[in-house]
Structure formats: C-alpha cells, structure tokens
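**Student:** The structure under discussion is supplied below as structure tokens; questions concerning it will follow.
The values are calculated or read from the model by the stated rules, or taken from the named source; none is laboratory data. Fair warning: this is a prediction, and the values are worked out from it, not measured in the lab. Cβ: placed from backbone, ideal geometry, glycine included. Neighbour counts: every protein chain shown.
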Amino acid sequence: MSATQSRYAIGGSFELDSISLGPPEQLSVLVGERKGSWTVSGRAAFELLLRHLQSKGARHVHLPSYLCESVLLPIRALGMDMSFYPVDKHLNGYPDPPSDAVVVVIHYFGWENRCIDALRANAGQGYYLVEDLSHGLMSAWSSSADVSELVFFSARKLGPVSLGGWCSIEVELDRPSVEIEGLAWRSLAARLARAQYLSKLDAQVDPAIEAFYLEAFAAVEEHLDSHPLISALPQVVLDILSGFDWHDISARRRSNWLQLHDLLSRHVELPIEELPADVVPLGYLVRLQDRDRIRKALAAQRFFCPVHWPLASEVSKKGFPDAGLLARSCLTLPIDQRYGPKDMMRMSSALRGELQRHAC
Ligand SMILES: Cc1ncc(COP(=O)(O)O)c(C=O)c1O
C-alpha cells in the first residue's frame, strides 16, 4: 500500500460513525423470545454450553471440518475429546455423532445448513445438538421454533462491536474485568477514529492513524485468544448492540449480495449460488484458484477481503479434502451495511481486473 493512495477502502474492521444507544428490550431482535446469557465472545458462549453439557455427561465434541479455529479453544480448555465431520464444496455438513457427543452445526454465511433437519429431529436421543448462529443471526429462519434449544452466537460478525457472544442457557456471570471494560472502550475509540479517518475519502493514507486503530483491534483479538473469558459483557456493548438498526443492516447486506451476484456470478466459482428470502448473508463467498495472490492484489487497492478460514490445525487435509479445498480457495467479499451500489461496482471491477490479469 502506498502512502500517496487515497483513503477509500472496502472491508477491514468495522468503523462506527456515531453511537446510538438502544434500550435493552431491543436486544430481542437478536435473541427473540429465548432466555440466555450474554458474554464477551462467541467462544465464551460456546464454553458455557459445553460446561452445561459436560455436567450432563458429554465428553466428546463432533465438529465440522471447516470452521474457525477459535471455536476449538473452549474444547481444549475443558479437556474434551473432539472429532470432525466432512463438509462439502457447497458447505453442507455430513455429521455422524458418536453416542453422547455434542454435535456442532455452523450455519455458514447465514444459510441454514442442509444437514440440520435430520439432526434436529433426533437431538437429545444419543447426542446433543448445538447450533452456531454467529453468521445466521439476522436470517429469518434462525428464529423458527425448529431451531435447537442449544444455540450460541458471536455478536461480533455482523456489526461494529469488538466483544459480544450469547448462549441459550441462563448462567450467573462475574462482572467484566477492568481489562475487558478497557478493551471495550479502546476498541470503541478505534472504530470512531476509523470512521472519522475514512470519511475524508480523498485524503491520503496516513499510516500512523491506521496503525492506531489496527493495534487497538488486534489487542482485543489477542486478549480473546489468550485469556479465559467467562464473564458478563460490558453494558456499553449491550447498549450499542441494541441501538443498531438491524433491519436496515439486513436489507443492505441482501441488496449488496444480490448486486455482486449480478456482477460476478458468471466470472467466478461460487460455493453458494443463490440467496433465499430468509437469509441475511455475512459476505459474498467466491472460490479462486490463486486466492492468496488475488487477495494480496486486492488489498493493495484497499479492498480488504477476509479468509473464512484456514484449515484448523487439528483437521487433516487428507481426511477432509473438501474442507482443505474451501480453506485454500475461498475468499469473502465484504457486502456489509457500510457499502452501497457504487462500492460493489468498484470491488467487482477490481476483482475482474485481477482475474483477467491472471488469465493472461
Ligand atoms: C462461525 C463462528 N462461530 C464462532 C466464532 C467464535 O466467535 P468469537 O470470535 O466471538 O469468539 C467464530 C469466529 O470467527 C465464527 O466464525
């Protein structure tokens, strides 16, 4: 990236233009009628569910071979065994839960996983079903009565909060530590700073300001990766979560996805090919042969596209070739609420330019 570039960017950690705090009852947009507990992250919420199931005799966790490695942290911390099940190129899972295991299903990118109906039908008869709604939080299907009683989510994926997770069991939690409160405020300052900085679209990149907010975001991730995290969520994060206009967020994500689909679907391979009416997408997922080179070239033009996910260290490439393929070829194009039609046009042109360069 050159310091003479303009600041315009797509992707990267969410900025926050202003803070609008909402009343607690508005959190029902996220959790519906379910009772449960807010904690600092998705993995902490998952750990609360696992502790609960461990107390009922569960010793083993059966997981999809394509997943975010952070989900494994609580399993390791609790000393439970784990095994993995196949996920195909279209992100459908094929679980085969050992008896008394906890089987975890991820509803990737907001789509309801096709394996779920059969699992829901027999949950509680020889295995416990836990659904990870982190990506599907705003998808209409996720509030159906068919969804398992045991669910958790990370609240950090669809909007500008650095902390937040929830699980569907009620637990008395310690107040957040001073360090967690400090991280919540520091990352809030960083999001506001990023918004101010990016609002001057044509000004030049200022590496010192970018370093300030990137370090603040990295500090939260490092803390979540390296500390036990079972505590309540700072109140300010709950107030911010309840102040978002989740319906507007959902509508923008859907319309950006549909626009990118019009612009790109004939030019790239897609693990997911259509957007049902009841899905709010996390991103626009494409499969690229030369993913890492293209990702780097896009980042040089300030299109910052995440990888969901590298293969977790416990998952064998040979045993799960499709998960290996997804891990080395998928790129997520940002379609979130910060962006509109012009941004989608710019990003799709940049990607098509890179694809053509590669083809020459
Ligand atoms: C699908 C999914 N579930 C759970 C998690 C864990 O959430 P957190 O990072 O808030 O602990 C992640 C993290 O990326 C995720 O992608």
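**Student:** Select from region 140-155 the residues that are surrounded by fewer than 24 Cβ atoms within 10 Å (Cβ to Cβ) and either polar (S, T, N, Q) or within 11 Å of Ser41 (Cβ to Cβ) (or both) and list them in ascending order.
**Tutor:** Ser142, Ser143, Ser144, Ser148, listed by residue number.
**Student:** Starting from region 32-46, take each residue that is in contact (Cβ under 8 Å) with a residue 12 or more places away in the chain and list its partners that are within 15 Å of the ligand (Cβ to nearest atom) and among the β-branched types (Val, Ile, Thr), counting only C-beta distances under 7 angstrom and pairs at least six apart or across chains.
**Tutor:** Thr39/Ile230; Val40/Ile180; Arg43/Val71; Ala44/Ile230; Ala45/Thr39; Phe46/Val71
Yes/no per residue for (1) in a loop (DSSP other than H, G, I, E, B); (2) more than 18 Å from Ile10 (Cα to Cα); (3) under 18 Å from the mean Cα position of the chain (by Cα):
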residue: Asp225; (1), (2), (3): no, yes, yes
residue: Ile230; (1), (2), (3): yes, yes, no
residue: Trp257; (1), (2), (3): no, no, yes
residue: Pro271; (1), (2), (3): yes, yes, yes
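**Student:** Still on this structure, I have one more. Go through region 308-320 and report how many residues are surrounded by 15 or more Cβ atoms within 10 Å (Cβ to Cβ) and closer than 30 Å to Tyr339 by Cα.
**Tutor:** Number of matching residues: 3.
**Student:** Still on this structure, please answer the following. Condition first: more than 16 Å from the ligand (Cβ to nearest atom) and part of a loop (DSSP other than H, G, I, E, B). Now tell me which residues in region 111-136 satisfy that.
**Tutor:** Across region 111-136, the qualifying residues are Arg114, Ala123, Gly124, Gln125, Gly126.
Table: residues versus (1) out of contact with any Cys (no Cβ under 6 Å at 6 or more places or on another chain); (2) within 16 Å of the ligand (Cβ to nearest atom); (3) in the same structural domain as His267 (by TED's automatic domain parsing); (4) not small (Gly, Ala, Ser).
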position	(1), (2), (3), (4)
Cys305	yes, yes, yes, yes
Ala312	yes, yes, yes, no
Val315	yes, yes, yes, yes
Pro321	yes, no, yes, yes
Gln337	yes, no, yes, yes
Gly340	yes, no, yes, no
Met344	yes, no, yes, yes
Met347	yes, no, yes, yes
Arg352	yes, no, yes, yes
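**Student:** A further question on this structure: Please work out which residue is nearest to Gln204 (Cα to Cα), limiting yourself to region 2-13 and to residues that are modelled with pLDDT of 95 or more and hydrophobic (A, V, I, L, M, F, W, C).
**Tutor:** For region 2-13, the residue satisfying everything is Ala9.
**Student:** Taking the options Leu119, Leu158, name whichever one is surrounded by 18 or more Cβ atoms within 10 Å (Cβ to Cβ), assigned by TED's automatic domain parsing to the domain that holds Ser37, in contact (Cβ under 8 Å) with a residue 12 or more places away in the chain and farther than 24 Å from Leu224 by Cα.
**Tutor:** Answer to the selection: Leu119.
**Student:** Regarding Val102, is this residue away from the ligand (no atom under 14 Å from the Cβ) and either in contact with a helix residue (DSSP H, G or I) (Cβ under 8 Å, 6 or more places away or on another chain) or not in a loop (DSSP other than H, G, I, E, B) (or both)?
**Tutor:** yes
**Student:** Checking the structure you have, find out if any residue of region 329-347 is under 12 Å from Tyr66 (Cα atoms) and without any contact (Cβ under 8 Å) to a residue 60 or more places away in the chain.
**Tutor:** Yes, some residue in region 329-347 is under 12 Å from Tyr66 (Cα atoms) and without any contact (Cβ under 8 Å) to a residue 60 or more places away in the chain.
**Student:** Confirm whether Leu133 is under 14 Å from the mean Cα position of the chain (by Cα) and at pLDDT 95 or above.
**Tutor:** Judged against the criteria, Leu133 is a match.
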